[in-house]
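Encoded as structure tokens, the structure appears first; notes follow it.
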Amino acid sequence: METLLDPGEPYFRVDLGTHLPMPIYFSLVGLHMVAHYKLLAMPNLSRAFMQWATSLIVVSLVLLPLWRGVNPEHPLVDMGVSFGCVFSAIRVALLTAAACRQSASEQRAAIKRALHKKLDDYPSASAQMAAAPAKTGLAISSLGDYIRAMYLDEPAPAAHLSSQQIERSNGRSVASAVDSVQAQLIHLANGYDQWLKSIGWHTLPFWIRYPLSPLAYLLMLQLPLALVVRNVDFLTLYSVDRTAAAYFYGMSAAGAFLRWTLVIVALVFAFYLGMLMWYAIVFDLVQWAVGAPARRDLFRRPWLTSSPRDLWGRRWNLPVQTSLAEAVYQPCCRLLDAAAQRAYALAAGGRQAGLPRPLRRANRFVAGFGVFCLSALIHEYTLSVAFGRSDLDHLRFFCFHGLLTIGYTLLETAACAILPSALMPNASLPFVVGWLLTWICMALSAQWFFMPYIRGGLVDNFVYYAFL
């Protein structure tokens, strides 16, 4: 029999019937991290064995949340920890790949040093080899260094990709300047940063700043949370039957839709501030424990986004975004470019030929969409672990925004080829246009993102965080 919060049979269920206690759960996660740290710290370890052992750790980390099971009293905790396990698995794989690259680089350096001894009779070659810059890699000598590399340090971008920009069809490239409206907003945000510096916030002791940061986010959370809590019943009913919600609350279809949109926007900001609060609680403590000077930002002012590409590529959930870019986007770009290069070389009779610009851009679109798809699968997995079911709502959400990002980029390219530079001085659409389009699409598609939380009763639990 169908109910309000369970409108139908899900696409798949995930529940092993186990309920691992939380202390044991966290202990097992910690053991995985210690095992990987010991693996990286072992000298003279073969790369084949390191890759094999890392594969076991990655698979075990991904499957570990299944043994926790579904705890209806703590779905947010279960979902957060399961997402942390998957994110840690990605970081483990990336650290091992970096260690293997460093090992190979050290072997090449040893060979060069051996050859260098034989080049004493050739001063020019010897001087050229001696002048070559030394490559720096991982420097993990303690567990604190390992934690910093895992969670606090920014990954190094690939040089051949970071130096490339997507050119517009008329030859103009994306400039670093910003729109005048965006510049005013950035000026206001910088004024806030200057105010924090003037009151000496960053010079306060850790034991003062640590409790105040999440408390400040919790207080800012109250305004959007008050609107969400007062409309939980409407939100739930509208998510299941829009006509019934409009009839029950005595509203027109347009009025119900506007109310739904307003509540969803408030839910987006509540979700954003809630993530900042929990991120400050966890990672500020980790930063202090390992003695790191700073931690990477979780967000980079997403309310200043100028396009879908700017939101997802430069501002939203940066630790995950940079890790997925290193794990998925960059390898896919290299593989697609190499495959296309071989195909063009075969077609040209073995002659090397540069890839056409449209094909390079198409390869990057495919790689970028692959990042969205992997992110969707990770979210579906964590939802399945937390709620025991999945209806593929997050797959719809992330695929939609992946296609939106590609479509908006193509629209900018076409507009840049047609419109004069006065209308597109930065080779991009005006900030107001991109900002409105991004957040309108976010509000319209947010029902897919929040539907599992509404269905699972997680939004109902927000009342415990509300003061108003």
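Kindly indicate the residue of the range 234-244 that is part of a helix (DSSP H, G or I) and not small (Gly, Ala, Ser) and also farthest from Arg455 (Cα to Cα) among those meeting that condition. Talk me through it step by step, then tell me what you get.
Keep residues of the range 234-244 that are part of a helix (DSSP H, G or I), which gives 234-240, 242-244.
Keeping just the survivors that are not small (Gly, Ala, Ser) gives 234-238, 240, 242-243.
Details: Phe234: 13, Leu235: 10, Thr236: 8, Leu237: 10, Tyr238: 12, Val240: 9, Arg242: 15, Thr243: 18 Å.
Only one residue fits best here, namely Thr243.
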- [ ] Out of the residues in the range 179-207 that are in a loop (DSSP other than H, G, I, E, B) and hydrophobic (A, V, I, L, M, F, W, C), state the one that is surrounded by the fewest Cβ atoms within 10 Å (Cβ to Cβ).
- [x] Ile199
Task: Matching residues, the range 273-282, being in contact with a helix residue (DSSP H, G or I) (Cβ under 7 Å, 6 or more places away or on another chain) and either in a loop (DSSP other than H, G, I, E, B) or surrounded by 17 or more Cβ atoms within 10 Å (Cβ to Cβ) (or both) - done: Leu273, Gly274, Leu276, Met277, Ala280
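Return yes when Leu218 is free of Cβ contacts under 8 Å to residues at least 60 places away in the same chain, hydrophobic (A, V, I, L, M, F, W, C) and either under 30 Å from Gly255 (Cβ atoms) or assigned by TED's automatic domain parsing to the domain that holds Ala266 (or both) and no when it is not. I'd like the intermediate steps shown before the answer.
On the way: free of Cβ contacts under 8 Å to residues at least 60 places away in the same chain: no; hydrophobic (A, V, I, L, M, F, W, C): yes; either under 30 Å from Gly255 (Cβ atoms) or assigned by TED's automatic domain parsing to the domain that holds Ala266 (or both): yes.
It is false that Leu218 is free of Cβ contacts under 8 Å to residues at least 60 places away in the same chain, hydrophobic (A, V, I, L, M, F, W, C) and either under 30 Å from Gly255 (Cβ atoms) or assigned by TED's automatic domain parsing to the domain that holds Ala266 (or both).
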Open item on the list: Of the conditions (1) of a type in the set (A, V, I, L, M); (2) crowded, with 19+ Cβ neighbours inside 10 Å; (3) in contact (Cβ under 8 Å) with a residue 24 or more places away in the chain, Leu262 satisfies every one except a single condition; which number is it?
Closed with: (2)
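Which residue out of Leu311, Leu374 is closer than 26 Å to Thr96 by Cα, in a helix (DSSP H, G or I) and either touching a helix residue (DSSP H, G or I) at 6+ places or on another chain (Cβ under 9 Å) or free of Cβ contacts under 8 Å to residues at least 60 places away in the same chain (or both)? Walk me through it before giving the result.
On the way: Leu311 fails: closer than 26 Å to Thr96 by Cα.
Every option except Leu374 fails the conditions.
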TODO: Would you mind stating whether Ser390 is touching a strand residue (DSSP E or B) at 6+ places or on another chain (Cβ under 8 Å), over 14 Å from Pro308 (Cβ atoms), polar (S, T, N, Q) and in the same structural domain as Phe450 (by TED's automatic domain parsing)?
DONE: yes
Open item on the list: So for the range 64-71 (the condition being at pLDDT below 75, closer than 30 Å to Phe462 by Cα and out of contact with any Leu (no Cβ under 9 Å at 6 or more places or on another chain)), does at least one residue qualify?
Closed with: yes
Task: Conditions (1) farther than 30 Å from Tyr238 by Cβ; (2) surrounded by 13 or more Cβ atoms within 10 Å (Cβ to Cβ); (3) modelled with pLDDT of 80 or more; (4) of a type outside the set (D, E, K, R): number failed by Phe83 - done: (1)
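Just the residues that are charged (D, E, K, R) and either modelled with pLDDT of 80 or more or closer than 20 Å to Gly407 by Cα (or both), please, taken from the range 339-367.
Going through the range 339-367, the residues charged (D, E, K, R) turn out to be 342, 351, 357, 360-361, 364.
The answer is Arg342, Arg357, Arg360, Arg361, Arg364.
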- [ ] Output the number of the condition that Ser421 fails; it satisfies all remaining conditions of (1) more than 19 Å from Gly313 (Cβ to Cβ); (2) in contact (Cβ under 8 Å) with a residue 60 or more places away in the chain; (3) assigned to a helix (DSSP H, G or I).
- [x] (3)
Task: Index of the failed condition, Tyr247 passing every other in (1) part of a helix (DSSP H, G or I); (2) more than 28 Å from the chain's Cα centre (by Cα); (3) surrounded by 15 or more Cβ atoms within 10 Å (Cβ to Cβ) - done: (3)
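The values are calculated or read from the model by the stated rules, or taken from the named source; none is laboratory data. What you see is a predicted model, and the numbers here were worked out from it, not measured in a lab. All Cβ positions, glycine included, derive from the backbone under ideal geometry; neighbour counts span all protein chains shown.
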